[in-house]
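A short write-up of the structure that comes next.
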Amino acid sequence: MKRYNDYTRIYDRFHGYYLEDCDCRYCLHYLGSYRKKARCALSKCLYLQEILDAIDHKRVFRKREKQAIVILKEYWERNTPNDRN
């Protein structure tokens with residue numbers, strides 16, 4: 001087990017990249033944009049797998065968010081009084 005000093009806190013584990021983290025502007029091989037199209041010094045993106053994982057992470061997060069909204073709506077409908085008469 002790794003020992004940390006009193007001022008070091010680990011808040012959460014790394015769960016993967018977000019789509020905003022995988023932007024081409026942060027890449028070392030990015031040459032800028034020309035006519036609204038990103039230019040790269042490489043023929044194939046090195047970070048393609050991370051980008052695909054970030055897209056999948058976003059899809060899973062949205063699916064869980066929608067499920068949570070449905071559960072909250074059901075809970076709200078069950079626990080609110082119906083005084084509409």
* To do: Count the net charge of all other residues whose Cβ sits under 11 Å from the Cβ of Tyr47, scoring Lys and Arg as +1 and Asp and Glu as -1.
  => -3
* Residues in segment 13-31 reached by a label modelled at Asp56 [backbone nitrogen below 13 Å; 7 Å Cα→Cβ] -> 16-17
* Asked: Which of the aspartates and glutamates could be linked to Lys44 by a straight reach, that is with a Cα gap under 12 Å, when you skip same-chain ones fewer than 8 residues away?
  -> none
* Residues of type lysines that Lys73 reaches as a straight line, Cα spacing below 17 Å, ignoring anything fewer than 8 places off in the same chain -> Lys63
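Only the coordinates and a few stated rules stand behind these numbers; no lab work does. Not measured: the values here are computed from a predicted model. In this analysis, Cβ positions are derived from the backbone assuming ideal geometry, glycine residues included, and neighbour counts consider all displayed protein chains.
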